[in-house]
1. Being surrounded by fewer than 17 Cβ atoms within 10 Å (Cβ to Cβ) and among the aliphatic types (A, V, I, L, M) is the filter here; which residues of segment A:1-56 pass it?
2. Pick out, from segment B:143-258, the strands (runs of 3 or more DSSP E) lying fully within it that include 3 or more residues that are open to solvent by less than 80 Å² (accessible area, probe 1.4 Å) and aliphatic (A, V, I, L, M).
3. Looking for whichever is away from the ligand (no atom under 16 Å from the Cβ), under 24 Å from A:MET143 (Cβ atoms) and in contact with a Leu (Cβ under 9 Å, 6 or more places away or on another chain) here; the options are A:ILE30, A:ILE57. Which one fits?
4. What are the residues in segment A:189-223 that are part of a loop (DSSP other than H, G, I, E, B), on the phi < 0 side of the Ramachandran plot and within 14 Å of chain B (Cβ to nearest Cβ), if any?
5. Quick one: which residue in A:TYR151, A:TYR184 is in a loop (DSSP other than H, G, I, E, B) and crowded, with 20+ Cβ neighbours inside 10 Å?
6. For segment A:69-90, check the following and say yes or no: at least one residue is hydroxyl-bearing (Ser, Thr, Tyr), closer than 28 Å to A:ILE165 by Cα and assigned to a loop (DSSP other than H, G, I, E, B).
7. Being outside any loop (DSSP other than H, G, I, E, B), within 16 Å of the ligand (Cβ to nearest atom) and either open to solvent by 10 Å² or more (accessible area, probe 1.4 Å) or of a type outside the set (Val, Ile, Thr) (or both) is the filter here; which residues of segment A:244-264 pass it?
8. How about segment B:86-101: which of its residues are open to solvent by less than 40 Å² (accessible area, probe 1.4 Å) and in contact with a Ser or Thr (Cβ under 6 Å, 6 or more places away or on another chain)?
Amino acid sequence: MSNRLISGAGIGLRIPHIHDILAGQNDQAIANIPWFEIVVDNFLVEGGFNRTALRAISERYPLIFHGVALSLASLNPLNLDYLKAIKSLKDETGAEWYSEHLSFSSSGSSHFPDLLPLPYTEETIAHVSERIVQVQDIMGERMLIENISSYVSCQFNEMSEGEFIAEIVQRADCHLLLDINNAYVNSVNFGEHLGDYLSRIPASAVKQIHLAGFTDKDDFLLDAHNNPVTDEVWKVYAAFIRDNGPIPSMIEWDSDLPPLDTLLKERAIAERLLESAQQIGHCA
Amino acid sequence: MKEAPINLAQWQQQFALALVDERHVDDFTGLLNEKDSRRFETYKNNARQALLQTLITTYPMCERALGEQCFAQLASHYIHRFPLRENNLNQYGAYFADFLKSEIKANHSLKDYDYLVDVATLEWHQQHCYYAQDSANFDAQALAAVDDSRQAELVFMLRPDIVIMQSQYPLYELWLKHRENLQTVEIPEPRSLYYVCIYRDQFRVKLESLSREQYLLLEQISRQQSLQTMIDKGIHIQALARFIQKTWICGFKHGKQQ
Ligand SMILES: [Fe+2]
């Protein structure tokens, strides 16, 4: 996997914005977007607007794939047809890499449109690592796994989330998509120290960073992807890239989707922070 | 650190059971750290909201006709009866028309909504139409080159996005009214049959009213009947040229010689 094409601050492509992006090629802020991440599940359709639009976007911008429906950590058999469809679309669009969440969303015949958390145990590590190896074999390359936001935790956890992730990344020899907002949300929800969490994460495995906004529900934070990135999360992000270099980063916004312009402004903040991280790197 | 007295399989099964059946919630929350066990509700809400939103997106005409609250209530029963069984949300809601039919039959208060069974079928077809495979353009030159003696054996192919429907209700008018954003839609009396074609134009799903003859012709084409068979059955083939021109027919092949 090369980072040749993917650097700087990108945006998570959302279907209602596609028209503005394709029509706005003379607009500097739109032309300057260095890459897009797509939720690949929205494009695994036979034809119509989504497929045509994806082709047009992929001709103009580098892409990366993000999946939501693999149910990576489930004990159900891996959905090979689904993975093959992703691989074929990846080959077609020349997308740089594919990421999925460290979670499950199916058990037996029940499926859930959500990312459900796991118990942090030795057994889970062994199972998930094996599954990632399987996925990587099918895809013919390393994948990225993303830390999720959670609202409940298993009382029988054998380790912290940071340790859990670090062990999986090492055993499966995969990369990490670090969602700083998710890490922040979890640290608040479970009263843990975010610095500890991040210090456990193998920073050299982090190939991409997600940034998003949450909703404060008074007694916990809901990772709703419906708000600008908060000041606290920007601070943590700035510190992380200062210490670990200008890792490709992007804004995720899913609910109450604002005009593209709002996302471009958020992107510009990330871009400025990445540039200063780059300069610090050069000085060091 | 405690040795985990549960395994991953139990965790996943109990999580899933608690999400679909209230009676299992306590069993699952017993596995959680006490201070966040109340937040299990968030997962139940997320799952319910995602499925409800999917049904609203797929069945907007039904939602408007029934009203937000009534639709949400019916959707909630539907979600309970037909939980998500695959990872693809685009396929969720496939049984909604049948479900509505049984609900309307069982509830006197819904008796005026009989027409929504066909509206729901229409909306499901629209969803299929929106995502259907793109097709190549009709090769008019190749058709012109077919020898007169072999024309009768030709089998025409409908574009993958084309779906035809017949109904006792004027689906085309109902769809137009919905598109024009009219808040009130009079509930029509069932009449003789109406025919529509659902198709995609510039990525948008559209409807067109069909005559009975046009419907029967498209129906025979969708069943891959040869020109000769259609003529033998007394099907009016006059509209064929128009359907080719509209690109609803995307190709042809030679059937068996008779
Ligand atoms: Fe994320």
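1. Hits for segment A:1-56 are A:MET1, A:LEU5, A:ILE15, A:LEU22, A:ALA23, A:ALA29, A:ALA31, A:ALA56.
2. Of the strands (runs of 3 or more DSSP E) lying wholly inside segment B:143-258, those with at least 3 residues that are open to solvent by less than 80 Å² (accessible area, probe 1.4 Å) and aliphatic (A, V, I, L, M) span B:154-158, B:163-167, B:204-210.
3. After ruling out the rest, the residue left standing is A:ILE57.
4. If the condition is that a residue be part of a loop (DSSP other than H, G, I, E, B), on the phi < 0 side of the Ramachandran plot and within 14 Å of chain B (Cβ to nearest Cβ), then A:PHE190, A:GLU192, A:PHE214, A:LYS217, A:ASP219, A:PHE220, A:ASP223 are the ones that fit.
5. That would be A:TYR151, the only listed residue that is in a loop (DSSP other than H, G, I, E, B) and crowded, with 20+ Cβ neighbours inside 10 Å.
6. yes
7. Across segment A:244-264, the qualifying residues are A:SER249, A:MET250, A:LEU263.
8. The answer is B:TYR92, B:GLY93, B:ALA97.
The values are calculated or read from the model by the stated rules, or taken from the named source; none is laboratory data. These figures come from a predicted structure and were not determined experimentally. Cβ coordinates were reconstructed from backbone atoms using ideal geometry, including for glycine residues, and neighbour counts include every protein chain displayed. Each accessible area value is taken on the protein alone, full model and side chains, heavy atoms only, with ligands, DNA and RNA left out. Shrake-Rupley method; radii C 1.70, N 1.55, O 1.52, S 1.80 Å.
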